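Everything below concerns the one structure shown next.
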Amino acid sequence: MEATSAPALVHVTRRLEDAAALDPAVEALEPHIRTLFGSGTRGAVLRGDWLGHALHPALTDVVLGTWLSASILDVTGRGQWAAPARTLVATGLLAFGPTAWTGWAQWSEAGPRDKRVGLVHAVTNAVTVGAYASSWFARRAGHDERGARLALMGAGISGVGAYLGGHLTTARRVGTRDDAYFGAPGVG
């Protein structure tokens, strides 16, 4: 496929990879992230070195799955399942921290282009968690309809973060994987 015929999102994402304007933020964060999440045994555990496969994608399923499930209950139950939806939002919020830690551990070993995309991925996810936290607080205060709207907004924002995360793992191949996979058929 020629670069000119690529989808618009591909062009936007490639520009993001080339956005050297993000480098000062990357350079400011990098030593702190490496110390907190990327070095030594802690980094190896968070990256999933012990598993032979990146841990981050599996944990994102927990976060996104609980939040999507809450929205399904909100939309189909129309307030009937407010308590379970609130519990699902809270579960996603609790799982977000460890999920972010595993992502930062992967980010700490990524290349410059991937770190730029990863930084925007992280910022997008921070906005998403803000929407879901607001949803939980609204629900806790008895404003379930407002909480449901905030959760739907969070779902929309998380789609951007998920796209960028998918780009990093699929197109850019960022992620822990055991060397044994490189000789396997279909892996390159």
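Coordinate-derived values only; no laboratory data. Computed from a prediction, not measured in an experiment: that's the story for all the values here. Using ideal geometry, Cβ is built from the backbone for each residue, glycine included, and neighbour counts are taken over all protein chains shown.
Restricting attention to the range 48-58, the residues that are of a type in the set (G, A, S) and either more than 20 Å from A180 (Cα to Cα) or assigned to a helix (DSSP H, G or I) (or both) add up to 1. Taking the range 77-118 as the range and being farther than 30 Å from R14 by Cα, among the β-branched types (V, I, T) and without any contact (Cβ under 8 Å) to a residue 60 or more places away in the chain as the test, the residues that pass are T87, T91. Annotation for the range 131-154: no member residue is within 30 Å of G52 (Cβ to Cβ) and in a helix (DSSP H, G or I). Scanning the range 51-71 for residues that are exposed (fewer than 15 other Cβ atoms within 10 Å of the Cβ) and not aliphatic (A, V, I, L, M), we see that the one that is farthest from S135 (Cα to Cα) is G52. In the set (1) part of a helix (DSSP H, G or I); (2) closer than 26 Å to L9 by Cβ; (3) touching a helix residue (DSSP H, G or I) at 6+ places or on another chain (Cβ under 9 Å), G175 fails one condition alone, (1). Selection of the range 42-60 for residues being closer than 16 Å to H167 by Cα and not aliphatic (A, V, I, L, M) yields H56, P57, T60.
Kindly indicate the residue of the range 1-47 that is outside any helix (DSSP H, G or I) and of a type outside the set (G, A, S) and also surrounded by the most Cβ atoms within 10 Å (Cβ to Cβ) among those meeting that condition.
Step one: filter the range 1-47 for residues outside any helix (DSSP H, G or I), giving 1-2, 6-7, 18-19, 39.
If we keep only those that are of a type outside the set (G, A, S) too, we end up with 1-2, 7, 18.
Values: M1: 7, E2: 5, P7: 9, D18: 11.
Applying the filter and picking the extreme gives D18.
Scan the range 17-33 for residues that are of a type outside the set (G, A, S) and either touching a His at 6+ places or on another chain (Cβ under 7 Å) or more than 17 Å from G103 (Cβ to Cβ) (or both) and the total you get is 6. The residue of the range 127-175 that is nearest to the chain's Cα centre (by Cα), among those that are hydroxyl-bearing (S, T, Y) and surrounded by 21 or more Cβ atoms within 10 Å (Cβ to Cβ), is S158.
Residues in the range 46-69 that are of a type in the set (A, V, I, L, M) and more than 18 Å from the chain's Cα centre (by Cα): L51 only. Checking each residue in the range 138-170 for being in contact (Cβ under 8 Å) with a residue 40 or more places away in the chain and hydrophobic (A, V, I, L, M, F, W, C) picks out A148, A151, L152, A155, A162, L164, L168.
So that you can scan it fast, the table gives a plain yes or no per residue for (1) under 21 Å from T35 (Cβ atoms); (2) buried (at least 17 other Cβ atoms within 10 Å of the Cβ); (3) acidic (D, E):
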| site | (1), (2), (3) |
| --- | --- |
| T91 | no, yes, no |
| L94 | no, no, no |
| A110 | yes, yes, no |
| G118 | yes, yes, no |
| H121 | yes, yes, no |
